[in-house]
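Q: I am attaching a structure below and will ask some questions about it afterwards.
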Amino acid sequence: MKAMDKEAMKVQYQTFAAGMKTLMLSTIDEHGMPFISYAPFVKHNGNFYIYISKIANHYRYLEEQPGVDAMLIEDESKTANLFARQRARFVCTARNIGNTGHDEIFAQFEQRFGKSMMDMLRGLDFSLFELEPSEGRYVAGFGQAYDIDLAADKFVHVNRDGHSQSAK
């Protein structure tokens, strides 16, 4: 694949991801069973941040088992083919970083979701979790998969056998 094509796909991924306000979370419950949920998020310095309530199941699961997969997925109503929806999946480690400090991240939440909403949530039992991705993959459609690294800003095409072409 030509470098120009990879760059175009990288821009396509960035546009796609910038339009997402929530991500899907795949956590593990106390019995080792998968649990899926979602949360609004912001991105900062290559990490995802979610602000969730202590009474939510995924809060407890992230506290007990910090391994989590996060996924951004194209809206069903906006896709041309339900078998090939745009999506990005990240293998992450979660860390509860609390409800104080982190002004830059909370400012992003306010800008994205509104000051009144965040003021209300900050008065409740919510806590900020940092999701640090260790690997990610963007799928633009059939045969269009790319390994992505948010921190290093790398974007590498994946062959049909599931392996990255080169680590450029």
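The values are calculated or read from the model by the stated rules, or taken from the named source; none is laboratory data. It should be emphasised that the depicted structure is a prediction, and the values quoted were computed from it without experimental measurement. Every residue, glycine among them, receives a Cβ derived from its backbone with ideal geometry; neighbour counts consider all protein chains shown. Ligands, DNA and RNA are stripped out before the accessible areas are found, and what is left, the full protein with its side chains, is counted by its heavy atoms. Shrake-Rupley method; radii C 1.70, N 1.55, O 1.52, S 1.80 Å.
Q: Enter the angle in degrees (range 0 to 90, nearest 10) between the Cα long axis of helix 3-18 and the first principal axis of the Cα atoms of the chain, meaning the one along which they spread out most.
A: 20 degrees
Q: Now a separate question. Output the Cα-based Rg and Dmax of region 1-90 in Å, rounding Rg to one decimal and Dmax to a whole number.
A: Every Cα atom of region 1-90 included, Rg and Dmax give 15.3, 49 Å.
Q: P(r) for the chain: what percent of alpha-carbon pairs falls in each 5 Å bin, starting at zero?
A: Once binned at 5 Å, the Cα pair distances of the chain give 1, 8, 17, 19, 18, 16, 11, 6, 3, 1, 0.
Q: Tally Lys/Arg at +1 and Asp/Glu at -1 over every other residue whose Cβ is under 15 Å from the Cβ of D29; what's the total?
A: After counting each charged neighbour, the total is -3.
Q: What do you get for GluC sites (Glu not before Pro) in region 1-93 restricted to DSSP loop and a cutoff of at most 14 other Cβ within 10 Å of the site's Cβ?
A: Sites meeting the loop and neighbour criteria: E30.
Q: State, to one decimal in nm, how far the label point of F142 lies from the label point of R112, with both points 7 Å from Cα in the Cβ direction.
A: With each label placed 7 Å out from Cα toward Cβ, I get 3.3 nm.
Q: Give me the one-decimal nm value for the distance between modelled label points at E7 and E135, 7 Å along each residue's Cα-to-Cβ direction.
A: Modelled inter-label distance: 2.8 nm.
Q: Relative contact order for region 15-69: what is it in percent, counting Cα pairs under 8 Å that are at least 6 residues apart?
A: The value is 35 percent.
Q: Mean-square fluctuation check for the chain, GNM, Cα pairs under 10 Å: which of A145, A39, A88 is largest?
A: Looking only at A145, A39, A88, the biggest GNM fluctuation is shown by A39.
Q: How about K6: which aspartates and glutamates have a C-alpha closer than 19 Å to its C-alpha, ignoring those fewer than 8 places off in the same chain?
A: List returned: E135, D147, D149, D153, D161.
Q: Take the chain, connect every pair of alpha-carbon atoms lying under 10 Å apart with a spring to form a Gaussian network, then pick out the residue of M33, M118, M24 with the largest mean-square fluctuation.
A: Result: M33 has the largest fluctuation of those listed.
Q: Over the chain, with a Gaussian network built from C-alpha contacts below 10 Å, which listed residue (I148, I55, I73) shows the highest mean-square fluctuation?
A: Of I148, I55, I73, the Gaussian network model singles out I55 as fluctuating most.
Q: Could I ask something else about it? With a 1.4 Å probe and every protein chain left in place, work out the accessible area per residue of the chain in Å², rounded to a whole number.
A: Value for the chain: 57 Å² per residue.
Q: Rank these residues by their accessible area, most exposed first, probe 1.4 Å: S134, S37, S26.
A: S134, S26, S37
Q: Can you tell me the length gained on complete extension of the stretch D29 to D125, counting 0.36 nm per residue apart and subtracting the Cα distance?
A: 32.5 nm
Q: Right, something else. With an 8 Å Cα cut-off and a minimum separation of 6 or more residues, compute the relative contact order for the chain in percent.
A: 22 percent
Q: Note down the Stokes-Einstein diffusion coefficient of region 61-148 in µm²/s, whole number, using a Kirkwood radius over alpha carbon pairs, 25 °C, and 0.890 mPa s.
A: My calculation gives 160 µm²/s for D.
Q: Each residue of region 39-49 in turn: what ³J(HN,Hα) in whole Hz from Karplus with 6.51, -1.76, 1.60 and θ = phi - 60°, glycine and Pro shown as x?
A: 7, x, 8, 10, 10, 7, 6, x, 10, 9, 10
Q: Within region 61-77, which residues have the backbone N less than 16 Å from the label spot 7 Å out from S37 along Cα→beta-carbon, could you tell me?
A: 61-71
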